[in-house]
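The values are calculated or read from the model by the stated rules, or taken from the named source; none is laboratory data. Every value quoted in this text rests on a predicted model; they were computed, and no experiment measured them. Here the Cβ positions follow ideal geometry from the backbone for every residue, glycine too, while neighbour counts run over all protein chains shown. The area values use the complete protein model at the heavy-atom level, side chains included, leaving out ligands, DNA and RNA. Shrake-Rupley method; radii C 1.70, N 1.55, O 1.52, S 1.80 Å.
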Amino acid sequence: MDSEDDMHDANDMESVDEDFYSDGDGYGGDAADSDADVADYDFMGNETDDSDEQAVSRTQKNYTVLKEEDIRQRQEEDMTTISTLLSISREAACILLRRYNWSVNKVHEEWFADEERVRKSAGLLEKPAVSLSRIIDVVCGICFENFLPDDITSVGCGHPFCTTCWKAYITTSINDGPGCLTLRCPDPSCDVAIGQDMIDTLTSGEDKEKYYRYLLRSYIEDSRKTKWCPAPGCDSAIEYDLGSGSYDVTCCCSFSFCWNCTEEAHRPVDCDTVSKWVLKNSAESENMNWILANSKPCPKCKRPIEKNQGCMHMTCTPPCKFEFCWLCLGAWSDHGERTGGFYACNRYESAKQEGVYDESERRREMAKNSLERYTHYYERWATNQSSRQKAMADLHQMQTVHLEKLSEKQSQPESQLKFIIDSWQQIVECRRVLKWTYAYGYYLPEHEKAKRQFFEYVQGEAEAGLERLHQCAEKELQTYLNATGPSKDFNDFRTKLAGLTSVTRNYFENLVRALENGLADVDSQGACSKAPSSKNATGSSKGKGGGRGKNSTKT
């Protein structure tokens, strides 16, 4: 964490806004001036103009969280609407809605465009085909036994099957999976659909519950606008307003995810980059890179061997036990004092000067550099992930334990301590954003030096600002939690923490937008297309600790 000299004046909100990221309009200070013009970008310059829009966008959601009772209610309402509109039974309405992925508008359009075609495709008959009431003896179409009409059941098509065979047919279909929702008459030549009335009559208990669970899930899974929350144990779904912007959504279980790819929320990184990054983290490619960079194959059995001591005399593991030189990979029996002894190899040095090992050394060096680069980004990605998880645990602890304790000690109602919860929620969100900036940086092209330089600068500033907020919410708050009574300077602390939260939120929102825009304002010469702010132009020296690179992460 930064020293106390870097902390902002708790009583001066302008000081918070100006000193937090070096100055209020621009982004950086004297430390940034030496960084090849990257600080000339007016990164925070539009904060005042857009603050109202940002506040509105934070309160407006482009999605709706649906709990199980909400989904069931919507299903019932849709079936009632179609049943009333088309003057058909609720069972037939359910079949039609399933056929057209629970789209009321689609059912309406298709039905009035060509009712006969819709009925045929959905398996709905206009009238029952035949009545079995006057037939004395009926043969079941499955077991071929004779039954009285009361023991025979038929859909509207009239194909007769005994109750036992019907139950077995429906039960088997339900146990096979969601395909039971499109169940048709057992007769191979018949496409008449089996409705909920037959399910209710011929099944009970677990099978019926399973069928209606499939029906409920189909309402979400068949629609283009709804998806289940991927959090373990969560039964809620998200209805998303297609074409409305950001895909990041948060369920009522507090899990945030990308509605498009259902991975964890990952702004400012796009779904393709996340897919590549997750695959890379789980793939064997980095294991192979490590093996290539840190081991050599035994000249005899070709198994990779890692050197763990200073001596060049290597002995392969049993059953091979071949003894060879680590440097030249030659048999150790050919080595001795004349070749350099245990810690050197003159044969290798001379062969290296002749270029014998150039290709293998080049490949090993490339693998080592690639591994080091990946490790750099992955470690920081994982560190911010663990910091975020710890912050989430601290947030939960604050909500369930510490807030009440603080309310008692400071003699203030919990409603007036909401600024602390807001700060912790912001820390959790910023850790998530910061985590994904490392995946962004890993895939940022090496040849775009200006963008990379600017990216590393703003990423470092984001880290520094978040650390200030995290320290204030974590360490400084502890003073008031441990106090024996009300503290005189608690209101000053409130002002400071609320100010840091606001500035950090605005900065990270600007950072996300800039990265999602591909840092388009950074030109190829290392400068930025936006005009420098007035404070940057005059060489403001308010910055304290600006220009941090990504190596400055502190957790």
How high is the FRET efficiency between Cys320 and Glu446 when r is their beta carbon distance and R₀ equals 41 Å, given to the nearest 0.05? 0.50
Expressed as a whole number of Å, what is the distance separating the alpha-carbon centroids of the stretch 218-286 and the stretch 71-118? 29 Å
Can you tally the net charge around Leu183? Count Lys and Arg as +1, Asp and Glu as -1, for every other residue whose Cβ sits under 15 Å from the Cβ of Leu183. -1
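Given a 1.4 angstrom probe, I'd like the percentage of the accessible area of the stretch 91-249 that is carbon and sulfur, rounded to a whole number.
Its accessible area is 48 percent carbon and sulfur atoms.
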When Lys and Arg each count +1 and Asp and Glu each count -1, what net charge do the other residues less than 14 Å away from Leu406, Cβ to Cβ, add up to? -2
One-quarter of the Cα convex hull surface for the stretch 121-257, in nm²? 11.1 nm²
Accessible area of the stretch 370-499 belonging to carbon and sulfur atoms, whole % at 1.4 Å probe: 51 percent
In square angstrom, what is the accessible area per residue of the stretch 137-206 with a 1.4 angstrom probe? 50 Å²
What distance in nm separates the two pseudo spin-label positions at Ala382 and Leu85, each 7 Å out from Cα along the beta-carbon direction? 5.4 nm
Need one value: the accessible area of Lys300 in square angstrom, 1.4 angstrom probe, rounded to the nearest 10. 130 Å²
Heavy-atom accessible area order for Thr171, Thr80, largest first, 1.4 Å probe: Thr80, Thr171
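Would you list Cys253, Cys298 from the most to the least accessible area, probe 1.4 Å?
In descending accessible area the options line up as Cys253, Cys298.
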Too long for a 22 Å Cα-Cα cut-off, among Lys67/Lys227; Lys368/Lys390; Lys390/Lys435; Lys280/Lys390; Lys307/Lys368, are Lys368/Lys390; Lys280/Lys390
Mind checking the full-extension length gain between Glu115 and Lys225? Use 0.36 nm per residue of separation minus the Cα-Cα distance, one decimal, nm. 37.0 nm
What is the stretch 137-206's relative contact order, in percent, from Cα pairs under 8 angstrom and six or more apart in sequence? 24 percent
Which order do you get for His396, His313 if you rank them by accessible area with a 1.4 Å probe, largest at the top? His396, His313
Could you work out how much longer the chain between Ser415 and Thr484 gets when fully extended? Use 0.36 nm per residue separation minus the Cα distance between them, nm to one decimal. 22.7 nm
Excluding ligands, DNA and RNA, what is the solvent-accessible area per residue of the stretch 483-523 at a probe of 1.4 Å, expressed in Å²? 39 Å²
Note on the stretch 137-206: alpha-carbon gyration tensor, axes a ≥ b ≥ c; rule is a/c under 1.5 for rounded, else prolate if a/b larger than b/c, else oblate; result prolate
